[in-house]
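Down below is the structure, laid out as structure tokens.
The values are calculated or read from the model by the stated rules, or taken from the named source; none is laboratory data. Since this is a predicted model, take the numbers as computed values, not measurements. Positions of Cβ are generated from backbone atoms using ideal geometry, with glycine treated the same way; all protein chains shown enter the neighbour counts.
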Amino acid sequence: MKIHHEGTNILIMLFLVLAALNIPVWLFLPPWIMPALLSAVSLLVYSFVFNFFRCPKRTFHGSSDGLVVSSVDGKVVAIERVYEPEFLHAEAILLSVFMSPLNVHANWYPVSGVVEYVEHHNGRFLSAYLPKSSTENERSTIGMRLSNGQLITVRQIAGAMARRIVTYAAVGDNASIDEHLGFIKFGSRVDIYLPLDCDILVKMGQITRGGLTPIARLDKK
């Protein structure tokens, strides 16, 4: 399993810290029960963080023409009609996917197209499951234009545990659904704003896989 480069330094530092805690305990704190217990807890902590930063290589199979693919692994928590004021400046279908700390946290582009807008906003760290996290939490907004001229917005949202959003997307990039647009460290959410005439392919509560699960079909212009 490949580890995302965002986690490399964290995993190295965590290993050194845990080793610094465990080695003296094994050397100077008999009997073996307490050192073994500390080592078991350390292994669980390291395994959790290691699992969080896993980064599977994914390629969408088949034709992606007209499809919107989930940006992340997680659960669909919102499908509703809203007004998107930042990039679209119009009503749109909001489709939100919530990621738990156990999910892969790499973020894929949901469509292939040109990045026309990128903006980071400081904010709060409410639970990403809450609807108001979309506008109140720390977040990054990416606006994209498809080859047929259609526009969509992708928003990375930090959660109660997430304290850092990493966005690789830059204005002018030619994006592909097989590429990462960013990474959110620990529990978080991604919102996708779609045209009103799109056909939603998922349901509330459905589990998605980033880069693989079709979530909507766009009306071809």
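Examine the range 7-23 for a residue that is in contact with a strand residue (DSSP E or B) (Cβ under 8 Å, 6 or more places away or on another chain) and either at pLDDT 85 or above or not small (G, A, S) (or both), and state whether such a residue exists.
As a first pass, look at the range 7-23 and keep what is in contact with a strand residue (DSSP E or B) (Cβ under 8 Å, 6 or more places away or on another chain): 11.
Restricting the remaining residues to those that are either at pLDDT 85 or above or not small (G, A, S) (or both) gives 11.
Checked the range 7-23: at least one residue is in contact with a strand residue (DSSP E or B) (Cβ under 8 Å, 6 or more places away or on another chain) and either at pLDDT 85 or above or not small (G, A, S) (or both).
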Inter-residue pairs, beta-carbon under 6 Å, first among the acidic types (D, E) and in the range 100-116, second surrounded by fewer than 22 Cβ atoms within 10 Å (Cβ to Cβ), 6+ apart: E116/R145
Does N9 fit the bill of being in a helix (DSSP H, G or I), exposed (fewer than 11 other Cβ atoms within 10 Å of the Cβ) and among the polar types (S, T, N, Q)? yes
Does at least one position in the range 48-59 carry a residue that is farther than 25 Å from L14 by Cα, part of a strand (DSSP E or B) and touching a helix residue (DSSP H, G or I) at 6+ places or on another chain (Cβ under 9 Å)? no
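Quick one: which of V118, V104 is aliphatic (A, V, I, L, M), modelled with pLDDT of 95 or more and in the same structural domain as G211 (by TED's automatic domain parsing)?
Working: V104 fails: modelled with pLDDT of 95 or more.
Exactly one of V118, V104 is aliphatic (A, V, I, L, M), modelled with pLDDT of 95 or more and in the same structural domain as G211 (by TED's automatic domain parsing), namely V118.
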Every pair of residues 6+ apart whose Cβ atoms lie under 7 Å, when the first sits in the range 67-83 and is more than 14 Å from R209 (Cα to Cα) while the second is of a type in the set (K, R): L67/R217
Give me a count of the residues in the range 186-215 that are under 10 Å from the mean Cα position of the chain (by Cα), buried (at least 20 other Cβ atoms within 10 Å of the Cβ) and not in a strand (DSSP E or B). 2
In the set R145, R155, R124, which member is at pLDDT 85 or above and touching a Ser or Thr at 6+ places or on another chain (Cβ under 9 Å)? R155
Being surrounded by fewer than 17 Cβ atoms within 10 Å (Cβ to Cβ) and modelled with pLDDT under 90 is the filter; apply it to the range 59-82 and report the residue that is nearest to L102 (Cα to Cα). T59
Test set (1) more than 22 Å from the chain's Cα centre (by Cα); (2) assigned by TED's automatic domain parsing to the domain that holds L201 - K75 fails condition number: (1)
Identity of the residue in the range 184-200, within 30 Å of V49 (Cα to Cα) and out of contact with any His (no Cβ under 9 Å at 6 or more places or on another chain), that ends up modelled with the lowest pLDDT: R189
Checking the structure you have, find out if any residue of the range 36-47 is buried (at least 16 other Cβ atoms within 10 Å of the Cβ), in the same structural domain as H121 (by TED's automatic domain parsing) and not in a strand (DSSP E or B). no
